[in-house]
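Report on one structure; see the data block that follows.
No lab work stands behind these numbers, since they all come straight from the coordinates. Predicted model, so just to flag it, every value in this text is computed and none were measured. In this analysis, Cβ positions are derived from the backbone assuming ideal geometry, glycine residues included, and neighbour counts consider all displayed protein chains.
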Amino acid sequence: QNEIAGALGISDELISLEVTSPNVPDVTLIDLPGIVRVSVKGQPEDIGEQSKSLIRKYITNQDTILLVVVPCNVDIATTEALKMAQEVDPYGDRTLGLYFNM
């Protein structure tokens, strides 16, 4: 992991899992990092913008289905991930929201 991403950085190298079966459609699942707001010791000062840039790289693809995962104790109207999804999918045609309780 450190070899790919570095100890405290963000990498755009994918770690992929491929599952094949004649009974299911082809799907690629990409688990993106959360949106970083504050850099911690040793991280680049612009790590927040790095995380958003990486996310934008994938969500702008019109063939991508966006799964926006939000904890139940967070007001969905203030969620930056949902805002980013709305920027690239204004009608919500390819966005799914998931509220979860921890």
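Using unit Cβ charges (K, R positive; D, E negative) and no other charged atoms, how large, in debye to the nearest 20, is the dipole of the chain about its Cα centre? If you can, show how the numbers build up before the last one.
On the way: 7 positive and 15 negative charges, 55 e Å.
Around 260 debye, computed over the chain.
Taking 0.36 nm per intervening residue step and subtracting the Cα-Cα distance, what contour gain separates L29 from E80 on full extension?
Values: separation 51, 0.36 × 51 = 18.36 nm, distance 2.10 nm.
Extra length available between L29 and E80 comes to 16.3 nm.
To one decimal place, what orientation-averaged projected area in nm² is obtained for the convex hull of the Cα set of the stretch 1-59? Write down the numbers at each step before the final one.
Values: hull surface 19.4 nm².
So the Cα hull casts an average projection of 4.9 nm².
If the chain between K57 and T20 were fully stretched, how many nm would it gain, using 0.36 nm times the residue separation less the Cα-Cα distance?
Values: separation 37, 0.36 × 37 = 13.32 nm, distance 2.54 nm.
Taking K57 through T20 to full extension adds about 10.8 nm, to one decimal.
Of [x] -0.50, -0.95, -1.04, -1.25; [y] -0.44, -0.85, -0.93, -1.17; [z] -0.36, -0.72, -0.81, -1.10, which is the value of log10 I(q)/I(0) by the Debye sum over Cα atoms at q = 0.12, 0.17, 0.18, 0.21 Å⁻¹ derived from the coordinates here?
[x]
Using the alpha carbon gyration tensor of the stretch 63-102, what are the three equivalent-ellipsoid semi-axes (square root of 5 times each eigenvalue), largest first, in whole Å?
Numbers: eigenvalues 69, 25, 8 Å².
Equivalent-ellipsoid dimensions as semi-axes: 19, 11, 6 Å.
Under the definition of Cα pairs under 8 Å and six or more residues apart, what whole-number percent is the relative contact order of the chain? Kindly include the intermediate steps, with their values, before the conclusion.
On the way: 92 pairs, mean separation 21.6, N = 102.
Averaging sequence separation for qualifying contacts and normalising by length gives 21 percent for the chain.
Grab the beta carbon distance between C72 and V36, set R0 = 22 Å, and tell me the FRET efficiency rounded to 0.05.
Values: r = 22 Å, r/R0 = 0.99.
Efficiency, from the Cβ-Cβ distance: 0.50.
Would you compute, from DSSP H runs of 4+ residues alone, the mean residue ellipticity of the chain at 222 nm, taking -39500 (n - 2.57) per run and dividing by the full residue count, rounded to the nearest 500? Walk me through the numbers on the way to the answer.
Numbers: 3 runs with 26 residues, N = 102.
About -7000 deg cm²/dmol.
Are there GluC sites (Glu not before Pro) in the chain that DSSP marks as loop and that have at most 16 other Cβ atoms within 10 Å, and which are they? Before the final figure, lay out the partial values.
Working: sites: E3, E13, E18, E45, E49, E80, E87; in loops: E13, E18, E45.
Those satisfying the criteria are E13, E18, E45.
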